[in-house]
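**Student:** Got a structure for you, written out below as structure tokens; questions coming shortly.
Values in this text are rule-based calculations from the coordinates and carry no lab data. Since the model is a prediction, treat every value here as computed from it, not as a measurement. Neighbour counts run over all protein chains shown; Cβ positions are idealised from the backbone, glycine included.
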Amino acid sequence: MFPAIAIANELKAINPKVKILFVGANGRMEMEKVPEAGYEIIGLNISGLQRSLSLKNLSFPFKLLRSIMKSRAIIKHFKPQVAVGVGGYASGPLLYVASRKKIPCLIQEQNSFPGITNKLLAKRVSRICVAYDKMERFFPKDKLHFTGNPVRKEVIQLEGKRPRGFEHFDLDPSIPTVLVVGGSLGARSINQAIAGSLDQFVEASVQLIWQTGKAYWEKGQEEAKAYSDKGIRAVQFIKKMDFAYAAADLIVSRAGAIAVSELANIGKPVILVPSPNVAEDHQTKNALALVNHGAALMVKDIEVKETLWPKVSEVLGNSETQEQLSIKIRGLAKNDAAHTIAQEVLSMIK
């Protein structure tokens with residue numbers, strides 16, 4: 001969703017007259033966030049296949065057929081000159097129909113290991129924009145364009161925001177600060193690891209900005225309350241992520257593709273805890289793409305309760321490690337991805 005919005009924003013910046021229509025999956029976050037970003041969106045009743053045996057899979061063929069029929073109606077009415085897919089559920093039926101109608105199609109793959117939708121679409125589209133090298137393992141080499149992942153400009157522009165970040169979270173700018181982000185819904189293992197380490201944070205005089213996510217919010221809020229005068233801040237969801245990034249000296253994060261791309265642009269030391277609950281374990285592959293370049297550290301999800309705090313303490317206690325991690329991760333950043341992809345999209349218009 002966020003890469004799609006970033007591409008749309010860049011298309012508007014290049015040509016304010018461009019007409020953009022989003023197509024998403026009903027019930028998913030894009031149906032709320034895309035209108036908030038100022039764009040029209042139409043929903044398809046489509047969902048993913050369950051990887052385990054599930055009765056939900058019985059309805060998938062019918063949902064897919066209805067989504068293809070609705071995609072035909074959308075394309076007939078909107079008459080797009082280019083169709084762009086970013087790998088969501090709705091990308092499959094929409095780009096399938098668009099390609100059948102000879103409309104130029106582009107897909108943007110955010111991960112180092114592609115999802116099933118983009119794998120299936122690869123033969124039908126004209127161009128494939130990727131964020132990692134060696135993607136010819138999955139896609140036709142002649143269609144690949146290495147662009148990086150589009151990221152939200154307002155999130156990665158941190159110049160002059162550090163003092164405002166400390167003020168926003170009511171923290172002391174002279175004390176080391178750790179930001180922990182497990183995603184909008186939260187990460188159970190990371191939350192449990194942080195909850196079990198609050199005493200160590202306080203004893204080591206380390207401040208904490210802790211995004212618990214929705215599922216862990218009430219418990220996390222209660223656990224952090226006793227330490228509120230010690231610089232421990234628990235929040236359900238960080239709306240001013242740029243302030244949080246600016247205040248942080250070290251960031252603990254899941255390894256989703258967009259999070260990794262944002263972190264590379266920010267250039268702070270990072271400890272990644274890949275989620276094991278994703279298709280093809282792609283978050284571990286995303287993390288290793290940084291770790292193998294010496295650009296981040298990684299803690300396995302199964303080991304996070306025992307090893308996260310020792311790793312945090314180790315990094316904060318070594319300024320040379322912090323500097324090297326910052327230099328290496330910044331070297332992997334692609335901060336013009338949205339503009340590059342937008343130019344590719346516009347060049348495909350007949």
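**Student:** (1) 0.96; (2) 0.99; (3) 1.01: which one is Rg/Rh (Cα atoms, Kirkwood Rh) as calculated from this entry?
**Tutor:** Here the calculated entry is (2).
**Student:** Given contacts defined as C-alpha pairs under 8 Å and at least six residues apart, what's the relative contact order of the range 66-106, whole-number percent?
**Tutor:** On the way: 38 pairs, mean separation 19.6, N = 41.
With pairs under 8 Å counted, the relative contact order is 48 percent.
**Student:** Calculate the spin-label point distance for ASN277 paired with GLN192, positioning each point 7 Å from the Cα along the beta-carbon direction, and give it in nanometres.
**Tutor:** About 1.1 nm, to one decimal.
**Student:** A further question follows. By how many nm would the segment from LEU120 to VAL291 lengthen if fully extended, with 0.36 nm per residue of separation less the alpha-carbon distance?
**Tutor:** Details: separation 171, 0.36 × 171 = 61.56 nm, distance 2.92 nm.
The span from LEU120 to VAL291 would gain 58.6 nm if fully extended.
**Student:** Kindly identify the range 159-238 as rounded, prolate or oblate by the Cα gyration tensor criterion: order the square roots of the eigenvalues as a ≥ b ≥ c, call it rounded if a/c is under 1.5, otherwise compare a/b with b/c, prolate if a/b is larger, else oblate. Spell out each step's value before the answer.
**Tutor:** Working: a/c = 1.93, a/b = 1.30, b/c = 1.49.
It is oblate, given that a/c is not under 1.5 and a/b is not larger than b/c.
**Student:** Note down the relative contact order for the range 2-159 as a percent, whole number, built from C-alpha pairs under 8 angstrom at least six residues apart.
**Tutor:** Once divided by the residue count of the range 2-159, the mean separation gives 18 percent.
**Student:** Once you charge only the Cβ atoms, +1 for Lys and Arg and -1 for Asp and Glu, what is the size of the charge dipole of the range 210-350 about its Cα centre, to the nearest 20 debye?
**Tutor:** Numbers: 17 positive and 17 negative charges, 61 e Å.
About 300 debye.
**Student:** In a shell of Cβ-Cβ distance under 14 Å around LEU272, excluding LEU272 itself, what net charge do Lys and Arg (+1) and Asp and Glu (-1) give?
**Tutor:** Values: positive: ARG254, LYS268, LYS285, LYS300, LYS311, LYS328; negative: GLU262, ASP281, ASP301, GLU303.
Its environment carries a net charge of +2.
**Student:** Continuing with the same structure: Give a residue-ordered list of calculated ³J(HN,Hα) values for the range 280-292 (Karplus: 6.51 cos²θ - 1.76 cosθ + 1.60, θ = phi - 60°; whole Hz; x for Gly, Pro).
**Tutor:** With coefficients 6.51, -1.76 and 1.60, one gets 6, 6, 5, 5, 5, 5, 4, 5, 5, 4, 8, 4, 5 Hz.
**Student:** Which of rounded, prolate or oblate describes the range 274-350 when judged by the alpha-carbon gyration tensor and an a/c cut-off of 1.5?
**Tutor:** On the way: a/c = 4.08, a/b = 1.71, b/c = 2.39.
Note, shape of the range 274-350 comes out oblate.
**Student:** Per-residue HN-Hα couplings for the range 13-24, Karplus 6.51 cos²θ - 1.76 cosθ + 1.60 at θ = phi - 60°, whole Hz, x for Gly and Pro?
**Tutor:** Whole-Hz 3J(HN,Hα) from phi for the range 13-24: 5, 6, 9, x, 8, 5, 9, 10, 10, 8, 10, x.
**Student:** Quick check for me: using +1 on Lys/Arg Cβ and -1 on Asp/Glu Cβ, what's the dipole size of the chain about its Cα centre, in debye to the nearest 20?
**Tutor:** Working: 47 positive and 33 negative charges, 502 e Å.
Around 2420 debye, computed over the chain.
**Student:** Can you run phi through the Karplus equation (6.51, -1.76, 1.60; θ = phi - 60°) for the range 143-150 and list ³J(HN,Hα) in whole Hz, with x for Gly and Pro?
**Tutor:** Coupling constants for the range 143-150: 9, 6, 9, 7, 10, x, 9, x Hz.
**Student:** Then there's this: On a full-extension model of 0.36 nm per residue, what is the gain between SER347 and LYS101, subtracting their alpha-carbon distance, rounded to one decimal in nm? Don't jump to the answer; show the numbers that get you there.
**Tutor:** Values: separation 246, 0.36 × 246 = 88.56 nm, distance 1.87 nm.
Gain in length upon complete extension: 86.7 nm.
**Student:** Another question, then. From Cα pairs below 8 angstrom and at least 6 apart in sequence, can you work out the relative contact order of the range 103-215, rounded to a whole percent? Kindly include the intermediate steps, with their values, before the conclusion.
**Tutor:** On the way: 125 pairs, mean separation 21.8, N = 113.
Across the range 103-215, relative contact order equals 19 percent.
**Student:** Still on this structure: Which residues does a label at GLU159 reach in the range 234-271, if reach means a backbone N under 11 Å from a point 7 Å past the Cα toward the Cβ?
**Tutor:** Of the residues in the range 234-271, none has backbone N under 11 Å from the label point off GLU159.
**Student:** A further question follows. Along the charge dipole of the range 154-330, Cβ charges K/R +1 and D/E -1, which of ILE194, VAL180, ILE258 sits furthest on the positive end?
**Tutor:** Positive-end residue among those listed: ILE258.
**Student:** Follow-up question, since we're still on this one. Among LYS12/LYS239; LYS123/LYS143; LYS119/LYS141; LYS33/LYS143, which pairs are too far apart, with a Cα-Cα distance over 19 Å? Intermediate results must be reported in sequence, preceding the final value.
**Tutor:** Values: LYS12/LYS239 24 Å; LYS123/LYS143 9 Å; LYS119/LYS141 13 Å; LYS33/LYS143 30 Å.
LYS12/LYS239; LYS33/LYS143, as the Cα separations exceed 19 Å there.
**Student:** Considering only the other residues whose Cβ falls under 13 Å of the Cβ of LYS305, what net charge follows from Lys and Arg at +1 and Asp and Glu at -1?
**Tutor:** Values: positive: ARG188, LYS300, LYS311; negative: ASP301, GLU303, GLU306.
Net charge around LYS305: 0.
**Student:** Have a look at SER59, SER174, SER47 and tell me which one the Gaussian network model of the chain (Cα, springs below 10 Å) gives the largest fluctuation.
**Tutor:** Evaluated over the chain, the most mobile residue of the options is SER174.
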